[in-house]
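Step one of this worksheet: look at the structure below.
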Amino acid sequence: MTGGRKGRVVVVGGSMAGLLAARALADHAESVVVLERDHLPDDVAPRARVPQGRHLHALLSAGLDLLRDWFPGIEEELEGHGAVRIDGESSWVHQGGAYRARGYWGRPGLGMTRPLLEHVVRSRVAALPEVTLEDGVTVERVSLNGRRVTGVVVAGQTRPADLVVDCSGRSSRIAHELAASGVLDPPTTRVGIDIGYTSFFLRRSPGDFEGLLLLSIENPGSFRGGAVVPVEGDRWQVTLSGVHGDVPPATDPEIRDYAATLSSPAIAQLIAHCERVSDIEVYRFPSSQRRHHEKVAALPAGLVTLGDAASSFDPIYGQGMTSAALQAAALGDVAGREGVLSDDLPKRFHRRAARIIDAPWRIAVGGDFGHPATVGERPFGTGWLNGYTERVIHAAHTSLPVARTFNRVLQLADPPPILVRPDVVARVLLASRRSPVATGAEVRHPRVGA
C-alpha cells in the first residue's frame, strides 16, 4: 500500500463511468478533475449528447451495493426524489413461456430514471474536496512524453496529469487518435445486434397494475422485448425493443399493436390503461463493442480506459452502469495498491477490468447469438451455454431458489459459473420439468387496472 494521496488525475467524461471513477480515485490522488464536454444541467434532465439517457436504465444490485459504500445514505436520498423500491415479490418477468417465480430474489433494487441517478451521484462527487467537475470542456487529445501520457490538451493548451482516465464513451476521440498514431490500438471485438428502442412515460396511479416491475423478454424467440418500471414523478417508464431491423414504432396506434405481440399481454394492457405524459423517444444501438486492452503487451503509462470506452454491450440487459461501477472499484483498488503514479497501474487495472467485463459480455453477447442474424465473434461455448440457459429460464418458472440464483447472476452479484454448480444443475434439471412449458399448465398474467 502507498501512504497518503499522491498524483493528479484527469477523468475525461462526466457520465456515470467518469463520476464513479472520480469517486474511486479520490481516496488515492491529490486531485481529481472531471472534464465533461456537455453543459451539465442543474436539475434532473437528460443530457443533450446522451440520447440513450431518455430510455430505461437499470442499476443492478452489484452497482447499487457499491453506491451505498461510496455515498452513505444515497439510497434514501434517491427515494426522497421519488425512486421506487422493487423486489422479487413485486416483479413480473415473462421469459421462455411463463413468469419467473416471484418471492425473495435478494436485496431490493430501485426504479428511477438515469437523469435522476446521474444528478444525485454528480452532486455527491462534486461535494468531495479532492474532486473538481468542469463542464463545457472538450478534450482534444492526450499529451505524450514518449509512451507516457502526461495530460490532456484542451483548447490547444496542455493540462498536466499523472493519470488520465478515458470515460468518454464508445466513440472515444482519445481511443481513435491513439489508434491512428500507432500508440495504442487494442484488438477490438464487435457483435452486430442492431437493436432499436422506443420509450415514453405513462402517468402512474394506485391500482394500475398488480406489481411494480413488468418485463417481457422474447429471447429465445422473436427477440422483441418490453419493460415497464416505476420511476420518480409518479410515472411508469416504458421501453419497447427489437433487433435486426424489427424496430419498435413511434406512434401510439403502432406502439399498441407492437406491444400486443409480446408474450405478456399486461404491457399492452397497461399502455392502454394509462395516459402517456411524454414525447415518444427512439434510439438505435448497432453493435456490442469491446476494446481488449488486456491483450496489449505494452500499454502506455498514465492512461486507463473505463466504461463504454472499453466495452459497450447490448443495453437490453441493463448491465452498462453496473459494469462501469465495478471497473471503477477495481481501478480504486489498484490505485490504492500500486499508487496513481505507477507505470504498472494500466496493465494491472486492465487485467482486472477484463475479468469484470467477461461476465456481462458473455451474458449479453452470448444471448444475442440466440438470434440467427447476429454477426461477429461468438464467445467459446455459446451454443451449449444458451441451451443450458433456456433450461435455467424454464426452471426459474417454478423454483424460487433457481430464480434467485439466476437473478443474482443477471444482477452481476454472482459470477455465471455458479449456475453450473452441481447442486444448482440438479435443481435446474428437476424444476425445468415442472415449468408450464413442459406441463402445459395455464399461465396466470398480472391484473391491470384492478
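Rule-based calculations on the coordinates, nothing more; no lab input. The structure presented is a predicted model; accordingly, all values stated were derived computationally and were not measured. Note that we place each Cβ from the backbone using ideal geometry, even for glycine, and neighbour counts take in every protein chain shown.
Figures for the structure shown
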read-out: Footprinting exposure proxy for Ile74, Ile280 (fewest neighbouring C-beta atoms within 10 Å first); value: Ile280, Ile74
read-out: Extension gain (nm, one decimal) between Ser171 and Asp358, 0.36 nm per residue minus Cα-Cα; value: 65.2 nm
read-out: Debye intensity ratio in log₁₀ form over the Cα atoms of the stretch 189-245, taken at each q of 0.29 Å⁻¹; value: -1.15
read-out: Between the stretch 123-175 and the stretch 213-229, the Cα center-to-center distance that results, in Å; value: 39 Å
read-out: Packing-based exposure ordering (other Cβ within 10 Å, fewest first) of Tyr258, Tyr388; value: Tyr388, Tyr258
read-out: Hull volume in cubic angstrom per residue (convex hull over the Cα atoms of the stretch 8-49); value: 75 Å³
read-out: Cα-based helix-to-principal-axis angle, 345-368 vs the chain, degrees rounded to 10; value: 20 degrees
read-out: Whole-Å semi-axes of the ellipsoid equivalent to the stretch 120-273 (Cα gyration tensor, √5λ, descending); value: 44, 23, 12
read-out: Mean separation of Cα contacts under 8 Å, 6 or more apart, over the residue count of the stretch 45-175: relative contact order %; value: 18 percent
read-out: Spacing of the two label points (7 Å from each Cα toward its C-beta) at Asp234 and Thr132, in nm; value: 4.4 nm
read-out: The stretch 254-322 and the stretch 97-116: distance between their alpha carbon centers, rounded to Å; value: 17 Å
read-out: Compactness index (Cα Rg / 2.2 N^0.38 Å), the stretch 43-171; value: 1.40
read-out: Rel. contact order, % - alpha carbon contacts under 8 angstrom, at least six apart, the stretch 193-286; value: 43 percent
read-out: Per-residue ³J(HN,Hα) for the stretch 293-303, Karplus 6.51 cos²θ - 1.76 cosθ + 1.60, θ = phi - 60°, Hz, x for Gly and Pro; value: 5, 5, 9, 8, 5, 10, 6, x, 5, x, 9
read-out: Rounded tilt (10° steps) of 61-70 against the dominant C-alpha axis of the chain; value: 40 degrees
read-out: Likely footprinting exposure, Ser90, Ser181, Ser61, fewest C-beta neighbours within 10 Å first; value: Ser181, Ser90, Ser61
read-out: Where a label projected 7 Å from the Cα of Arg444 along Cα→Cβ would reach, residues of the stretch 242-265 with amide N under 17 Å; value: 265
read-out: Acute angle (nearest 10 degrees) that the helix 16-25 long axis makes with the longest principal axis of the chain, alpha-carbon atoms; value: 50 degrees
read-out: Estimated inter-spin distance, Ala373 and Arg337, nm [label 7 Å along Cα→Cβ]; value: 4.4 nm
read-out: Estimated vicinal HN-Hα couplings, Hz - the stretch 277-283 in sequence order (Karplus 6.51, -1.76, 1.60; Gly, Pro = x); value: 10, 8, 5, 9, 10, 10, 7
read-out: Cα-Cα P(r), the chain, percent of pairs per 10 Å interval; value: 4, 21, 31, 26, 14, 4, 0
read-out: Reciprocal of mean inverse Cα separation for the stretch 193-286 (Kirkwood radius, Å); value: 13.2 Å
read-out: Sites Gln157 and Thr189, calculated FRET efficiency, Cβ-Cβ separation with R0 41 Å, nearest 0.05; value: 0.70
read-out: Residues whose placed amide H lies under 5 Å from that of Gly151, excluding near-sequence neighbours; value: Ser143, Ala161
read-out: Inverse mean reciprocal Cα-Cα distance (Kirkwood Rh) of the stretch 122-185, Å; value: 13.1 Å
